[in-house]
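Undergrad: Here's a structure for you.
Just so it is clear, none of the values below were taken in a lab; they were calculated from the coordinates. Values in this document were obtained by computation on a predicted structure and should not be read as measured data. Neighbour counts are summed over all protein chains in view; Cβ atoms, including those assigned to glycine, are modelled from backbone coordinates with ideal geometry.
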Amino acid sequence: MQTFTRTLTGIDGTEAALHCYVIDNYPETGEDRRRPAVLVLPGGGYEMTADREAEPIALTMVGYGYQAFVLRYSVAPSRYPVALLEEAEAMRRIRAHAADWHVDPDRIVVIGFSAGGHLAASIGTAGSDDTLRAHGYDPAEVRPDGMALCYPVVTSGEHAHRGSFAALLGERADDPAMLEKVSLERQVADDTPPTFIWHTMDDDCVPVENSLLLIRALHAHHVPVEAHLFPTGPHGLSLASEETRRVDGSGVEPGVWQWPALFRDWMGRALGR
């Protein structure tokens, strides 16, 4: 396996890092083998990108035989659409280097956690299309083939995680038009990619209603969606296992730690193994 990093420069001059975990090909397994890929977007309320939702996720996905990429995107004081455009550039580069990085360009999934889930779904829904075009990206060329959203920030409405939108929008956080644009349950379209989503029912940071609103919108547009709602567990569980246990002992939730295996099974059904 090769590990390397590519730097992406944001439109405001900030730098994002694309950390790449690329499984090599061998004669015994086929030198032209192309694998599914995941682009991992850690959460952090658009104020940071969480370590627990970065490399541990990538390594788990590599263990499933997927090429993995982690985007450490720009956060506050960078504002919308800086991170979105970095995500678009990451998608463009992964597809452009598909042969070199042994990636199947038609099986690339974004995996986002919390605010990273909002970023992941932003590129998969129609609300970002005009912004992407304005900055030279064809939405169809950078849209992922699937989305995996883990306790995602979705809505700017009643059940919003206000801190994420304040960090994302800055002084525009009170602008009704901007809030509409980034409230993703209102931006789902028929070409939104198949979606895997999970949340815990008692999440007291990002309410489960965020996922429920998105599930309803996806269903209304006949977008295939698989959803898993676990009865208990705090926000920010990551793998929910000992691997991503916090130093205070929290972050382990029996039952929830099955989600990566559920995701792997969904990948096989939705995009082909």
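Undergrad: Among DSSP beta bridges lying fully in the chain, give the percent that are antiparallel, nearest 5.
TA: Numbers: 13 of 38 bridges.
Here the share of antiparallel DSSP bridges comes out near 35 percent.
Undergrad: Still on this model: If the only charges are +1 at each Lys and Arg Cβ and -1 at each Asp and Glu Cβ, what is the size of the charge dipole of segment 133-253 around the Cα centre, to the nearest 20 debye?
TA: Taking the Cα centre of segment 133-253 as origin, the dipole is about 180 debye.
Undergrad: Right, here's the next one. Expressed as a whole number of Å, what is the distance separating the alpha-carbon centroids of segment 243-258 and segment 82-125?
TA: 27 Å
Undergrad: Quick one: which of 222-228, 147-153 comes out on top by average Cβ neighbours within 10 Å, and what's the full order, highest first?
TA: Highest-to-lowest ranking by the protection proxy: 147-153, 222-228.
Undergrad: I need the peptides 244-252, 104-112, 201-209, 188-196 ranked by packing, meaning the mean over residues of other C-beta atoms within 10 angstrom, with the highest value on top. Walk me through the numbers on the way to the answer.
TA: Details: 244-252: 12.8, 104-112: 22.8, 201-209: 17.2, 188-196: 19.3.
Going from most to least packed, we get 104-112, 188-196, 201-209, 244-252.
Undergrad: Here's a follow-up. Could you grab the relative contact order for segment 58-108? Cα pairs under 8 Å, six or more apart, rounded to a whole percent.
TA: Reported as a whole number, the value is 25 percent.
Undergrad: A further question on this structure: If packing is taken as the average count of other Cβ atoms within 10 Å, what order do 17-28, 46-57 fall into, highest mean first? Don't skip to the end; give the middle numbers.
TA: On the way: 17-28: 15.1, 46-57: 20.1.
Packing order, densest peptide first, comes out as 46-57, 17-28.
Undergrad: Now for a separate question. Treating only the Cβ of Lys, Arg, Asp and Glu as charged (+1, +1, -1, -1), what charge dipole size does the chain show about its Cα centre? Round to the nearest 20 debye.
TA: Approximately 320 debye in magnitude.
Undergrad: In percent, how large is the relative contact order of segment 105-153, given Cα pairs closer than 8 Å and 6 or more residues apart? Please report the intermediate quantities before stating the final value.
TA: Working: 70 pairs, mean separation 29.0, N = 49.
Computed over segment 105-153, the figure is 59 percent.
Undergrad: If you don't mind, there's one more thing I want to ask. Percent relative contact order of the chain, based on C-alpha pairs within less than 8 angstrom and at least six residues apart?
TA: 16 percent
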